[in-house]
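To start, the structure under review is shown below, and the notes come after it.
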Amino acid sequence: MSRLRVFLSIAFALSAAGMVRGQISEAQAQGFLAQKPAARHGDEDKLYEKGQNALDARRWDDAAQYFGEAAADNGPHADGALYWKAYALNKLGRREEALATIKLLRDTHAGSRWLDDAKALEIEVSGRKVNPDAEPDEDLKLMALSGLMNSDPERAIPLLEKFLQGNQPPKLKERALFVLAQSDSAKAHQILEQIARGSGNPDLQMKAIHYLGVMGSKENRQILSDVYASSGDSNVKRAILHAFMVSGDRDRLLQAAKTEKNADLRVEAIHQLGISGGQSELAQLYQAESSVEVKETILHAMFVGGNSEKLIEILRAEKEPRLRKAAIHSLGLMGGEHTGAALAALYGSESDPSIRGEIVNALFIQGNAKALVALARKETNPETKKAIVGKLSIMGNKDATEYLMELLNK
């Protein structure tokens, strides 16, 4: 398939998803953000996720393999991968291998937050021989705890806390944490806060941060802010930025976008502002920013938020070609009669051939054959006119077809 046809397919797909109206859901926005280098995960993250899925499905052999491969990459989750590999090996009854893996975790990650979990697992592995078919049903335990939480929270909360500290599969621990997060109990909230601050393993910390964002109270947002200020872990900070977005805390997102020293996290804060609808904050950032790269990121966030008006305004006033092209590209992806009319009007007053070419591409991406036909009729440069006609020839649009027939009949 040609590159042009790929672009056209993308344009039609985006139109079908509702982007022609300048609107975008959080799920769609996250999909676009995933294309940014700062938000991409490596192979190790994918293996780690596969391992967790295998644990939740009790496929212990697969889990041990996935976590072993993830640990071998020696990425940011290597210590967690070693822990869960040992956990899976223990479930398989392979005690010696499980103990060797725990020792490897201890020897190679002396400061790991997984060591407390690993110590508890080591005691379990050393103390009994495991028969995978005779394992107690943790799901039933959690269901009982959830029911007890409704009828007698004071008895349930210490049991849930112990459940979280035990050697349970990731999904069950997440569900236990979710049960705690639903409680109005001060003790339950205290446990959730402690885990968010890093008292548990890193996986649970991410979930606790998410739940604090979902709950969205002023107190929870302050906790998240405190953790953000004290943490040196970029993954934790990225999770908190997402939690700020979920809770609607645009002020803290704006503060991070202004002051964060880590370039990737600053980009993330800007993106989350776009998703949260912080268009006035983005406009403020754009006005004060001097970096072309950061301004490009802000334009992308405006696109995510569907702010075609501001993009058009910036396009008309901006002098930097790179930023003008970025704005044009976003307007092309957004589609709609208003953006098409603005782009066509700019084409008539523009002298820079590269900018004019970008406008033609943008109109093509949004499937705006009517505007392209109008440009072709007025275009006096033979090469430029050929380029426009070339795009019209593969659009399959009624307006495009009629114009092509008109050229053939001349």
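Around the Cα centre of the chain, unit charges on the Cβ atoms of Lys, Arg, Asp and Glu (plus for the first two, minus for the last two) sum to a dipole of about 1000 debye.
Can you compute the charge dipole magnitude of the range 138-247 about its Cα centre, using +1 on each Lys and Arg Cβ and -1 on each Asp and Glu Cβ, nothing else charged? Give it in debye, rounded to the nearest 20. Computed charge dipole of the range 138-247: roughly 180 debye. For Lys310, the lysines whose Cα comes closer than 19 Å to its Cα, not counting residues fewer than 8 places off in the same chain, are Lys295, Lys319, Lys325. For the modelled label position 7 Å from the Cα of Ala288 along Cα-to-Cβ, which residues of the range 191-227 have backbone nitrogen atoms closer than 11 Å? From the range 191-227, the list is empty.
Extension gain for the segment Leu104 to Ala144, taken as residue separation times 0.36 nm less the Cα-Cα distance, is 10.8 nm to one decimal.
About its Cα centre, the range 303-410 has a charge dipole of approximately 180 debye under the convention of +1 per Lys or Arg Cβ and -1 per Asp or Glu Cβ, with nothing else charged. Each of Asn167, Val236, Ser183 was scored by the projection of its Cα onto the charge dipole of the range 138-247, and the greatest displacement toward the positive side belongs to Val236; charges sit on the C-beta of Lys, Arg, Asp and Glu.
Volume per residue of the convex hull around the Cα atoms, evaluated for the range 138-247, comes out as 88 Å³.
When Rg and Dmax are taken over the Cα atoms of the range 277-350, they come to 11.5, 32 Å. The C-alpha atoms of the chain occupy a region whose extents along the principal axes are 90, 44, 41 Å, arranged from largest to smallest. Toward the positive end of the charge dipole of the range 138-247, with +1 on the Cβ of Lys and Arg and -1 on the Cβ of Asp and Glu, the farthest Cα among Val227, Leu192, Pro158 is that of Val227.
Extension gain for Lys119-Glu309 works out to 62.7 nm (0.36 nm per residue, less the C-alpha to C-alpha distance). In straight Cα distance, which aspartates and glutamates are under 19 Å from Lys370, not counting same-chain residues fewer than 8 positions off? By straight Cα distance, Lys370 reaches Glu337, Glu358, Glu379, Asp399, Glu402, Glu406. In the range 138-247, Cα pairs under 8 Å separated by at least six residues give a relative contact order of 18 percent. Given in Å, the Rg to one decimal and the Dmax to the nearest whole number for the Cα atoms of the range 43-134 are 12.0, 35.
With Rh defined as the Kirkwood radius, the inverse of the mean 1/r over Cα pairs, the Rg/Rh of the range 60-211 is 0.98. With the highest mean first, a sort of the peptides 248-259, 182-193 on other beta-carbon atoms found within 10 angstrom per residue produces 248-259, 182-193. Report note on the peptides 377-384, 267-274, 171-178, 290-297: ranked by the mean count of other C-beta atoms within 10 Å, highest first, their order is 267-274, 171-178, 290-297, 377-384. Short-range pairs are left out: with C-alpha atoms under 8 Å and at least six residues apart, the relative contact order of the chain is 13 percent.
Quick note: the coordinates plus some simple rules give every number you see, no bench work behind them. In this text, all values refer to a predicted model and were calculated from it rather than measured experimentally. All Cβ positions, glycine included, derive from the backbone under ideal geometry; neighbour counts span all protein chains shown.
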